[in-house]
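Visitor: Structure provided below as structure tokens; questions to follow.
Since every read-out is calculated from the coordinates, none of them should be taken as a lab result. Quick caveat: nothing in here was measured; it's all calculated off a predicted structure. Reconstructed Cβ throughout: ideal geometry from the backbone, glycine too, with neighbour counts over all protein chains shown.
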Amino acid sequence: MYATTYFKNRVGRNLGYSRRILQVWSIFLLLCFTCAAYSQSAPDGIVSGIVRDEQGNPVPKATLQAANKIALSNDDGSYQVKLPAGSHRLVCTVTGYEAVVSQVRIKPGGQLTANFSLKNKAYGEMEEVVVSKLSEKKNLETQGFAVNVIETKEAAVRNFQTNELLDRTVGVRVRQNGGLGSAVTYNLNGMSGNSVRIFIDGIPISTYGASFSLNSIPPALIERIEVYKGVIPAHLADDALGGAINVVLKKGMRKNLTASVSYGSFNTFQASATSMFRNSKSGFTVKASGFYNSSDNDYEVWGKFVRNILPNGRYDYVRARRFNDAYRSVGGQVELGFTDVKWADQFFIGYNGSDDHNDIQHGTYMSIPYKGRFTESQAHVFSLNYRKYDFIIRNLEFTLNGMYSDRSQVVVDTVRWNYNWFGEKSVGLSGDPILRPSGAQQGAPTINHINRNVGTFRAGFNYDIGENHRIVLNHIFYTIDRNQQDLMKSEIERSFIGTRDLSKNITSLAYEMKAFDSKLRTNLFGKYYQQKIDRMDPVLKVENGQTTREEDRVNSNKTTAGYGLAFSYAVTPSFMLLTSAEKAVRMPSEGEVFGSPGENIVENISIRPEISNNLNVGVRVGPYIIDKHKLSFSVSGFIRDTRDKIVQRINPRLNDAVQTDPFENLGKTKSIGFEAEAYYTFHENLSVLLNMSKFNSVFNMRFDPNGLQYEYYNKQLPNEPYFTINSRVQYVFKELIQKKSALNIYYNFGFVERFYTTWLDIEDFRTPRQFIQDLGVSYLFPNKKFVVSADAKNIFDKQAYDNFAVQKPGRAFYLKLNYTINNF
Amino acid sequence: MKRAFLKFLMFGTVIATVGLTGCKKDTPKQEEEEEEVDKDRWITIAGAKMGTNPGDGNGGTVVYSISKEDARNPGVSVSVYDNGFPVKSNRTARLQSSEDGKTLFNIAYTGDNGGEFSRYKVNGAGSFTQEDVTVNISQYASTSPRWVKLFDGDKTGIAVNVANIQANNAAGGPTPDAPFAYFRGTATVLALNLQDVLIAGYKQYEIPLSAEEELLGHAIFRLDAPVLNKAANKLIIGTWMQKRNPATGLTESGFERLGSKSVVVDFPSLENPKVITSTVGFGDNSGYRSFNSFLATDGNIYQATQRDSKGSHILKINQSNEYDNSYVFSLDQALGVEDVYVDCWRYAGNGIAYALYTYGGTSQGYIARLDLNAKTATKVDIPYDVDLDFGQYQGILVSGDEVYVAVTPVGKNGNIYIFNSKTGTVTKGATLVNKAGNHYIGVF
């Protein structure tokens, strides 16, 4: 009976979705036709030339950009770029040289030569940070999406974690449960938890697991991080309800080797190296990188949450060092292949291996310290990447990524005693050590091995129709088989643990268009999600008096569609409007569909996906240049209207010993807010970045079944850091100590307004207001190969909290040495 | 306490005599006499705010105190949610009050302060002063302990916990290669000194059932709602039972229930746990967030059952600390309905008790007056609402002959109702102003 109703539901829903998708695509096609005219309106001309350095040597891989067209110079320094007829500012940039601008005027169908001669420049000159990757950053940020592109160039030579970089980004709040390596959640414009998806090079991060994550990957291995808020472009295919963070690893255009080591407070040691080699004749390319992180995280904690409980139950407030919080991770990646050859722009096969160990000092709150609880994870990821422009036919780009990953993780918690903050066994009234109430530090004793095999395959086609139209088709198939073995359970119990295998297919289609001399850029997209979960629970069957173990199999197959658009319009070159909107979805997780036999949560096969209607509207203004002052500014507002939120009802009368309620689609929340960012530079010495984000994430169920308005309706949800400000100030002294050297001084602050952590407005359940300040300095030696950085974090040793009752590190010092060789 | 209780009884007798012999004109006199018993007793009302779903009570607990006079006056409106004092607890607080109503006791349930016992002085209205000494029992009894106060003159609170239920041959245990014999957890029984705010003592042990029961996979899942016997030398602790299939290790839902069980331990040593089993009741007797067993005037202990396969029963435990199986009081039979489930109940004196219950598998709450001696139950005549749910109810106040209950359907206004345990009269008291999704959970 179950099966038939379920089947009916599915068919019904499928028909509904198909209809909706049809609607979306008809609008889509209509737009295609109406806009096709624009592509004919501005015939192109060709600008070509050669880029050379001061000595007259050709400079390969220089970026030439004008009117949103980008070209790269070849190995011989030559380049060619097609531009619409008219006047353009053609900007030539390349790492290590000063940017050069050439004004070009081109007739329809005309040809023009513009040669560039570039001047070397020193690292540390601010413009490099701003200009060198401007093209990609700006290209992404002006498409219309609410996206921030985080450049890692400066951070790479300093003592920074990737999570710290993200945390300073407007609209992003990183909440970490302690020091380096501890658990992290991300909040994007008021949406968090599993509504934020993380990708590495466009592949869901779950392919890699905990050991290769934003906790372990150093900024030096990252090219850039793209943070999409609310609306996610088609090529990042996953059911990301509230946003996506895409980490783009270093692509390496030129032969180089960089290496760094850093050491600092809490015995924190970090090293990373990355290298790339390319044989210019055969195109054979090798890329390799590796990292190592370790920290004792034995920072001091104090205050009302740090207390030892005396045998009689009274508190003894103490100042103590964390003692079970060490973290270590190591990883590396090797890719072999060919670049810029006839049959491929890129072809790589690769291996990525990583391993970590993470001690866990406490649970949700630090009021009870743990000893001996830790996790270890490992991942072996094999990959194949292929990319080719003009694939089979002209103007068709084809990308293919295939990955197979073997992930394993173990959670160990077997220590049976209570510990105090000095790492000693707590004793009871009788003088004997006290057993933990649930058998081990956090729960029942466990040595739980969880193994996952993850396969991820992604194929994409980009087809350019003329200069102004592009169609993007993307498909991702993702499959994960998971099994677990808790070695603390008996053999029988272990053989009766079910399995959950999940597979997802997500197809997305997008149409990108430019019009009015590229002043208008639009991107329309639709996504179709299919998720299948196979559940197998072993059961005992009695037949003819014989008891046998049988496998009870059920599967859930859900499909749904989402769609959205992004557009930008440059009213003037320095005033741009940006809007994006998406009907975003999140598919229910395996636990939400099938419940959990361990926690007696019953299944709900008919549970629906969560839906959120997301909207962003913003403007980017500037840069305005007056003498040596330069100012740019952006502000945007957003709405996240989430429905069918998956929550679990509580019913005290059900027998918790037997079963508890399933998950249901009951909740509604809304998040409305805005964020702003200003960037000011003076001459080539001073730069100031200031950003702020403020939102109201509110309970959005208005009436109870009797028509009475809920008390919380439109009230801020508890435990949301809703108001943050970040600032970064940088000053450069050139040639202060040595000729051709540069000394950079940095100052940062982060402000988080206090917030309540429960619906009760009690001071005790409110976080303190935070204002954390950091200082840094880096020195570039004249040979341009060596950079030394020193950082002092949380200089006033303030109590810092991302999560309620979890203190983060106090004052800390770090020193880092970086070494780079190019063109060896 | 004993003296206070005797006082109650004495006045009860006086009032009963007056009630029986007097005419209407005597009513003011009766009130006058009662005023003298508990003249300045605060009536503290507790409300539970919703967390994410209406009626879940996970948004925290708010309290507000009014005078007895106001509590009796239906013209008085009280809104704890607007004017009340939020009790420091992440989820619904586990409140108890002193007998004179001047002190409120709470153990915070989960959260950073889970397991923290604190005392609040009741100053009236929304004014409560938290005393600066707290004591934390989480190391012994977890951050979500179950506890009640003993009826011993506000001297002792007892918190209980069962954790880490595992097979005797669990891989991590001492005998991984032994054949299966039982699933057992480690039980903790802890005594709190409520006056000095200290842990007075604790014991931890495994509590075995019979070998046959254990071989079938039965185990004590939770302990709750302890009560002190008449001799004040034993605690009777309610149980919540679970059955796991020894062949799979998984919990079962459709199992045949054993007779209701209680754990008897020595007091005040908390030693020598012993399991007693009823042949009358087949449910759990752990209650939920409140008392579930009471020492009655006749010296015996009366206990309600929940999730009883034959509907809730009131069981009797005699002064030898054994179930009196000759005492059969089925609420299904007494009320003439099926599947009665007692959410919360309270003994009011002289064999009379009041029970908040549901029946027929719905969650709609009703109130019944029980006569433990006559084994009869009558539904109390007050307006009932489909959204009235006593599932999380914790506080029925007995003050003299009067029994106070806060009756509010989820998200709707309601009233305090005052039942006279002697006469059975029902008085509609102060109006309780409610908010969507919230409900009132007690009078203390």
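Visitor: Measure off 7 Å from each Cα along the Cα-to-Cβ vector at A:Tyr624 and B:Val386, then give the distance between these two points in nanometres to one decimal.
Guide: 6.2
Visitor: If R₀ is 41 angstrom, what is the calculated FRET efficiency for the pair A:Glu98 and A:Asn696, using the beta carbon separation as r and rounding to 0.05?
Guide: The pair A:Glu98/A:Asn696 has a calculated efficiency of 0.35.
Visitor: Within 10 Å of each candidate Cβ there may be at most 12 other Cβ atoms; applying that plus a DSSP loop requirement, which trypsin sites (Lys or Arg not before Pro) in region A:196-266 survive?
Guide: Sites meeting the loop and neighbour criteria: A:Lys251.
Visitor: Mind jotting down a quarter of the surface of the convex hull over the alpha carbons of region B:93-327, in square nanometres, one decimal?
Guide: Its Cα hull, projected and averaged over all orientations, spans 14.2 nm².
Visitor: Report, to the nearest 10°, how far helix B:27-37 tilts away from the longest principal axis of the Cα atoms in chain B, using its own Cα long axis and a range of 0 to 90°.
Guide: It is inclined by approximately 50 degrees.
Visitor: A further question follows. Taking 10 °C and 1.306 mPa s as the conditions, I'd like the Stokes-Einstein D for region A:551-632 in µm²/s, using the Kirkwood hydrodynamic radius from alpha carbon pairs.
Guide: The estimated diffusion coefficient comes to 93 µm²/s.
Visitor: Return the lysines within reach of A:Lys739: Cα separation strictly under 16 angstrom, same-chain partners fewer than 8 residues apart disregarded; answer none if there are no such residues.
Guide: Hits, sequence-local ones excluded: A:Lys121, A:Lys784, A:Lys785.
Visitor: Within chain A, which is the longest segment containing none of the GluC sites (Glu not before Pro) that sit in a DSSP loop and have at most 11 other Cβ atoms within 10 Å?
Guide: That gives A:55-598 as the longest site-free run.
Visitor: Now for a different question. Starting from the 7 Å offset along Cα-to-Cβ, what nm value, one decimal, do you get for the label separation of A:Glu543 and A:Phe284?
Guide: My value for the distance between the label points is 6.1 nm.
Visitor: Of all beta bridges DSSP finds with both residues in the protein assembly as shown, what is the antiparallel percent, to the nearest 5?
Guide: Taking every DSSP beta bridge with both residues in the protein assembly as shown, the antiparallel ones total about 95 percent.
Visitor: For chain B, with a Gaussian network of springs between Cα atoms less than 10 Å apart, report the residue from B:Glu99, B:Glu213, B:Glu116 with the top mean-square fluctuation.
Guide: B:Glu213
Visitor: If the elastic network links every pair of Cα atoms under 10 Å, which of B:Ser118, B:Ser142, B:Ser210 fluctuates the most in the Gaussian network model of chain B?
Guide: B:Ser210
Visitor: Could you give the alpha-carbon Rg of chain B over 2.2 N^0.38 Å, rounded to two decimals?
Guide: The reported ratio for this selection is 0.96.
Visitor: Given labels modelled 7 Å from the Cα in the Cβ direction, how far is it in nm from A:Asn267 to A:Tyr569?
Guide: Roughly 6.1 nm, to one decimal.
Visitor: Now, a different point. Can you pull out the trypsin sites (Lys or Arg not before Pro) in region A:484-553 whose DSSP state is coil and whose Cβ has at most 10 other Cβ atoms within 10 Å?
Guide: Of the trypsin sites (Lys or Arg not before Pro), not one in the loops of region A:484-553 has a Cβ with at most 10 other Cβ atoms within 10 Å.
Visitor: Can you find, among A:Ser632, A:Val410, A:Ile368, the residue sitting farthest towards the positive end of the charge dipole of chain A, where Lys and Arg contribute +1 and Asp and Glu -1 at Cβ?
Guide: The residue sitting farthest along the positive end of the dipole is A:Ser632.
Visitor: Also, quick follow-up: Could you identify which residue out of B:Glu256, B:Glu214, B:Glu271 has the top mean-square fluctuation in a GNM of chain B using Cα springs shorter than 10 Å?
Guide: The residue with the greatest mean-square fluctuation here is B:Glu256.
Visitor: Using just the helices of the protein assembly as shown, give the 222 nm mean residue ellipticity in deg cm²/dmol: DSSP H runs with n ≥ 4 each add -39,500 (n - 2.57), and the total is spread over all residues, rounded to 500.
Guide: When only DSSP H runs of four or more count, the value is -3000 deg cm²/dmol.
Visitor: What pairs from A:Lys734/A:Lys808; A:Lys694/B:Lys88; A:Lys715/A:Lys793; B:Lys155/B:Lys379; A:Lys229/B:Lys412 go past 31 Å between their alpha carbons?
Guide: A:Lys734/A:Lys808; A:Lys715/A:Lys793; B:Lys155/B:Lys379; A:Lys229/B:Lys412
Visitor: Something else: With bins 20 Å wide starting at 0, give me the P(r) of the protein assembly as shown over every alpha carbon pair, in whole percents.
Guide: Here the calculated profile for the protein assembly as shown is 10, 35, 32, 17, 6, 1, 0.
Visitor: Set the Förster radius R0 to 60 Å, insert the Cβ-Cβ distance between A:Arg643 and B:Gln319 as r into 1/(1 + (r/R0)^6), and round the FRET efficiency to 0.05.
Guide: Efficiency computed from Cβ-Cβ geometry: 0.50.
Visitor: Ok, one more. Over region B:48-203, how many percent of alpha carbon pairs lie in each 10 Å bin up to the one with the longest distance?
Guide: 10, 31, 29, 17, 8, 3, 1
Visitor: Please enumerate, by chain and number, the lysines with C-alpha under 21 Å from the C-alpha of A:Lys504, excluding those fewer than 8 residues away in the same chain.
Guide: A:Lys527, A:Lys532, A:Lys558, A:Lys583, A:Lys645
Visitor: Taking R0 as 30 Å, what's the FRET efficiency between B:Ala247 and B:Glu206 from their Cβ-Cβ distance, rounded to 0.05?
Guide: 0.85
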